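Worksheet: one structure, shown below.
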Amino acid sequence: MICYTILLKNQMSTYMRLFNLNHLLVMLLLLGCAQPADAQYELQEAYPNVEFDGPVEAVWVNEGQGRLYVVDQEGRIFWLPGSENAATKQNLFLDISDRVVSGGEMGLLGLTFHPDFQNNGYFYVNYTSGSPLETRISRFKAAAGNTGQVDPGSETILLTYRQPYRNHNGGKVTFGPDGYLYIAVGDGGSGGDPQNNSQDRSKLLGKILRIDVNNTSGNRNYGIPADNPFANNTQGYREEIYAYGLRNPWKISFDEETGRLWAADVGQNRIEEIDIIENGGNYGWRVMEGSDCFNPKSNCDETGLIKPVHEYTHADGVSITGGFVYRGTAMPELQGKYIYADYVSGKVWALTVNQNGTKADNTLLLTTGFPVSSFGQDQNNELLVLSYGSEGKLYRLHRQVQ
Ligand SMILES: [Ca+2]
Ligand SMILES: [Ca+2]
């Protein structure tokens, strides 16, 4: 009962900041004493003396001796050395809190480094800003040698889009094996996608976008990859679109071995889902929530809609947090499995798919007892788990020694 009370207090405050209150009742039902159901895996604190206000990203970069960069939602990026010990402190890398509107699902939400960062110093962020509210995809530039803090004035805004509501801002940016920048965009917010943005290909909301940051085209600060599904279309569709019909993809990631793009899409009232994203794919929202009709409630037209690889109902969680296909070496039994979590229930699972991408198995690894905002990978592709809220800490997923 003590465990229950502490969890309730911690998770409620965090939950009320980040997610819709209409899920509160479900959350209360989910919270028990969060002992791992399967005790084979556990979390170990990484960087024990380091805490963040609201960590939402942890990105490892192999530059020089290598650093782990951690994003605080309010608008700051810190770096940590590769070796972690009690003396380790976080170092400020970039502070753009002056231009970030944060709180709830808003803030500095995404960070990725140019594949040639070591030479060109470019990195890319996704944040909400301004009034009226918008999302900005911006490039910043670290000085040669990357020895000090980054000049906040080095910003080049690549792309902006209006945010009609404060929630569902997606946020992840990541480079694909093709060298293009992929951007996860939520449906704009409110509930039920009232403007039907996700199915509207003339809008950027509710999509996975793909742009070429190494080129420009027309009046854009970026190029459109020639094989984007709507490149050079004459129907008024946005050429940046790579896939559509997403609600709020909270984390996307590439499997570095297969090149597959994985997305975790947060559900509305009932179903959380995982998708493997294909060029031009329509992932169904708001016609469908998971593999159920949503609008209309029944007899919806499922033609051409790609169903989730895996989904779970709100009996198991309320808001999915996407992770990574595990490509580390410390836990060989997890090799090739997609590791993800639920932000509210704190459950962490491993999803196994067949070679053709269909589901083979889904296994609960552990229950964290804290809200999981994100996953990260370290220099060895071992997994970090980010705890959001009253204690913003980094943990490592590892197998218990029997
Ligand atoms: Ca929004
Ligand atoms: Ca879907």
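The values are calculated or read from the model by the stated rules, or taken from the named source; none is laboratory data. Because the structure is a prediction, the values reported are computed rather than measured. Cβ atoms come from the backbone with ideal geometry, glycine included; neighbour counts cover every protein chain shown. For accessibility, only protein heavy atoms count, side chains too; no ligands or nucleic acids. Shrake-Rupley method; radii C 1.70, N 1.55, O 1.52, S 1.80 Å.
Filter the stretch 212-231 down to residues that are among the β-branched types (Val, Ile, Thr) and either touching a Phe, Trp or Tyr at 6+ places or on another chain (Cβ under 8 Å) or outside any loop (DSSP other than H, G, I, E, B) (or both) and give me whichever is surrounded by the fewest Cβ atoms within 10 Å (Cβ to Cβ).
216
Might you check whether a residue that is in contact with a Ser or Thr (Cβ under 8 Å, 6 or more places away or on another chain), part of a loop (DSSP other than H, G, I, E, B) and within 16 Å of ligand 2 (Cβ to nearest atom) occurs anywhere in the stretch 181-189?
The answer is yes, given that some residue of the stretch 181-189 is in contact with a Ser or Thr (Cβ under 8 Å, 6 or more places away or on another chain), part of a loop (DSSP other than H, G, I, E, B) and within 16 Å of ligand 2 (Cβ to nearest atom).
A quick yes/no check of all residues on (1) within 10 Å of ligand 2 (Cβ to nearest atom); (2) more than 24 Å from residue 222 (Cα to Cα); (3) without any contact (Cβ under 8 Å) to a residue 60 or more places away in the chain; (4) acidic (Asp, Glu):
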position: 243; (1), (2), (3), (4): no, no, yes, no
position: 246; (1), (2), (3), (4): yes, no, no, no
position: 251; (1), (2), (3), (4): no, no, no, no
position: 255; (1), (2), (3), (4): no, yes, no, yes
position: 260; (1), (2), (3), (4): no, no, no, no
position: 265; (1), (2), (3), (4): yes, yes, yes, yes
position: 270; (1), (2), (3), (4): no, yes, yes, no
position: 276; (1), (2), (3), (4): no, yes, no, no
position: 280; (1), (2), (3), (4): no, no, yes, no
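Output the residues belonging to the stretch 82-117 that are among the hydrophobic types (A, V, I, L, M, F, W, C) and at pLDDT below 95.
86, 87, listed by residue number.
Among the residues of the stretch 224-232, are any under 15 Å from residue 340 (Cα atoms), more than 10 Å from ligand 2 (Cβ to nearest atom) and touching a Gly at 6+ places or on another chain (Cβ under 7 Å)?
Within the stretch 224-232 (the criterion being under 15 Å from residue 340 (Cα atoms), more than 10 Å from ligand 2 (Cβ to nearest atom) and touching a Gly at 6+ places or on another chain (Cβ under 7 Å)), the answer is no, since none of the residues qualifies.
For residue 379, which of the numbered conditions (1) open to solvent by less than 30 Å² (accessible area, probe 1.4 Å); (2) closer than 30 Å to residue 81 by Cα; (3) not in a strand (DSSP E or B) fails to hold?
Single failed check for residue 379: (1).
Wholly within the stretch 267-342, which strands (runs of 3 or more DSSP E) include no fewer than the required count, namely at least 1 residues that are under 30 Å from residue 256 (Cβ atoms), open to solvent by 50 Å² or more (accessible area, probe 1.4 Å) and not aromatic (Phe, Trp, Tyr)?
By residue number, 310-313.
Just for the stretch 333-373: of the residues that are more than 20 Å from the chain's Cα centre (by Cα) and hydroxyl-bearing (Ser, Thr, Tyr), which one is nearest to residue 44 (Cα to Cα)?
363
How many of the residues in the stretch 114-126 are surrounded by 22 or more Cβ atoms within 10 Å (Cβ to Cβ) and farther than 30 Å from residue 190 by Cα?
Result for the stretch 114-126: 1.
Looking only at the stretch 167-180, how many residues end up being crowded, with 19+ Cβ neighbours inside 10 Å and either within 16 Å of ligand 2 (Cβ to nearest atom) or assigned to a strand (DSSP E or B) (or both)?
Summing the residues that are crowded, with 19+ Cβ neighbours inside 10 Å and either within 16 Å of ligand 2 (Cβ to nearest atom) or assigned to a strand (DSSP E or B) (or both) in the stretch 167-180 gives 4.
Please specify each residue of the stretch 111-148 satisfying the condition of being within 14 Å of ligand 1 (Cβ to nearest atom) and within 21 Å of residue 253 (Cβ to Cβ).
Passing the criteria: 126, 127, 135.
Just to verify a result, which residue in the stretch 99-110, among those that are in contact with a strand residue (DSSP E or B) (Cβ under 7 Å, 6 or more places away or on another chain) and not in a loop (DSSP other than H, G, I, E, B), is nearest to ligand 1 (Cβ to nearest atom)?
Looking at residues that are in contact with a strand residue (DSSP E or B) (Cβ under 7 Å, 6 or more places away or on another chain) and not in a loop (DSSP other than H, G, I, E, B), I get 106.
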